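The values are calculated or read from the model by the stated rules, or taken from the named source; none is laboratory data. Just so we're clear, the structure is a prediction, and the values are computed from it rather than from any experiment. Please note: Cβ atoms are built from the backbone with ideal geometry, for glycine as well, and neighbour counts cover all protein chains shown. Heavy atoms of the whole protein, side chains included, go into the accessibility calculation; ligands, DNA and RNA do not. Shrake-Rupley method; radii C 1.70, N 1.55, O 1.52, S 1.80 Å.
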Amino acid sequence: MDFTFTEEQQAAVEAARAVFSDVAPDRAPSPALTRGAVAEDIDRRLWHELARTDLLGLTLSPDHGGAGLDPIALCLVLRESARVLARVPLLESCAVAMALQRYGDRTLAAELLPRAGRGELILTIGANGRTGHDPAELAVSAKPYGDGDEDGDGDGGDDGPDDGGSGWVLDGVQTAVPWAQVADWIAVPAHTTGGRQVLALVPRTRDGVTLADQVSTNGERLAEVRLEAVRVEARELIAAAGCWDWLRSLLTTGTCALALGLGERVLAMTADYTGKREQFGFPVATFQAVAIQAADRYIDLRAMEATLWQAAWRISTGSGGPLPAAGDVAVAKIWASDGVRRVVQTAQHLHGGFGADTDYPLHRYHAWAKQIELSLGPAAAHEEALGDLLAAHPLG
């Protein structure tokens, strides 16, 4: 087997490293010292630089001005972004763009995707539902308006929106939506009267959309997005089977890539510190207790990496396996959630009091790690999902 990345994927990594090399983790105020959000806006300078180097269009097709690469390439770039705590909605914007390109209306894709690739539009998504514990699609309802038919085809069925003029009305709440205040379009998972999963693309300024400020664990700006009788056109609602499941898996896998990049950076910081810090005339890195803890965290990172690329490969290729791709995604998220927590906890322990110094960036990485650990479900939630998959698809 050949586990190496393609030349195009490796080129994306090199481009990402060049862009992120100028990003300092402490560019924004510390979340430990700031009331509310650390900033009102994303890192616009970085966002424009990502657009200039074509990294925002990395996974878009050439028809939309992109490079046509796969989710693996996106995860490689996300991994690099997490090393420097890049304050941009790279995962959310690219993931929604990929879903629109794969499942959405062609005319809407032609209007939005080239602009998204150029950084002129920001896309985000509400994937946490009303409370963060229930399925996101159940938090918002989608009902037809116009002719009273669920799908507009005259048969009273629930096949999805028609190709004509009938539209949909959205009601509900999505909480903890990343950077909704600065996004141009918000993707909203919802359910129809017949219980189908759909994905609506809603302009932030659409009548009936209201935002309430929220703040994440790492000090970034979130929003509770409330939708009250919000009308969307038929072309703005994606009812293709599997769309929301695929997008949710992509978001979860991308979160695992963020966890891996952050964990690798934190372990490197720990190795550097313990290699220089001396006790009894020797670097503390030479002490057996320190070396064993660091080695355990290295093993965590390698497991996180292996399960991440397995999940990304399943999503990218659609290849079959003993379990659906959701099983590989669940395994990756279990390792990412538990692994990144163990890495930062060990780092804080081995840094001693220095790790809590707000002039040193480790406390920022700790806050980001906690946010990533719980994003889109903690390890326990994915263990439960994996158990359900194993029950439904017995192995052997």
Filtering the range 272-297 for residues that are within 35 Å of the chain's Cα centre (by Cα) and surrounded by 15 or more Cβ atoms within 10 Å (Cβ to Cβ) leaves a count of 7
Across (1) more than 29 Å from Lys276 (Cα to Cα); (2) under 16 Å from the mean Cα position of the chain (by Cα), Ala369 clears everything bar (1)
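So that you can scan it fast, the table gives a plain yes or no per residue for (1) part of a strand (DSSP E or B); (2) at pLDDT 50 or above:
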| residue | (1), (2) |
| --- | --- |
| Arg130 | no, yes |
| Ala142 | yes, yes |
| Asp147 | no, yes |
| Asp153 | no, no |
| Asp158 | no, no |
| Gly165 | no, yes |
The condition of being closer than 27 Å to Thr217 by Cβ, free of Cβ contacts under 8 Å to residues at least 40 places away in the same chain, in a helix (DSSP H, G or I) and in contact with a Gly (Cβ under 7 Å, 6 or more places away or on another chain) holds, among Ala271, Ala303, Ala285, only for Ala303
Checked pairs for the range 354-372, first among the basic types (Lys, Arg), second assigned to a helix (DSSP H, G or I) and open to solvent by 20 Å² or more (accessible area, probe 1.4 Å), C-beta under 8 Å and 6 or more apart or across chains, list as Lys370/Arg341
Of the candidates Glu49, Glu14, the one satisfying the condition of being modelled with pLDDT of 95 or more, part of a helix (DSSP H, G or I) and closer than 29 Å to Gln181 by Cβ is Glu49
Of the residues in the range 68-95, those that are over 18 Å from Arg364 (Cβ atoms) and among the small types (Gly, Ala, Ser) come to Gly68, Ala73, Ser93, Ala95
Taking the range 52-71 and the residues there that are in a helix (DSSP H, G or I) and farther than 24 Å from Val23 by Cα, the one that is least open to solvent (accessible area, probe 1.4 Å) would be His64
Residue count, the range 178-216, condition of a type in the set (S, T, N, Q) and under 19 Å from Asp41 (Cβ atoms), comes to 4
By residue number, the members of the range 305-360 that are crowded, with 19+ Cβ neighbours inside 10 Å, closer than 30 Å to Cys243 by Cβ and β-branched (Val, Ile, Thr) are Thr307, Ile315, Val329, Val331, Ile334, Val340
Within the range 329-366, the residues that are over 18 Å from the mean Cα position of the chain (by Cα) and farther than 18 Å from Leu33 by Cβ are Arg342, Val343, Val344, Gln345, Thr346, Ala347, His349, Leu350, His351, Gly352
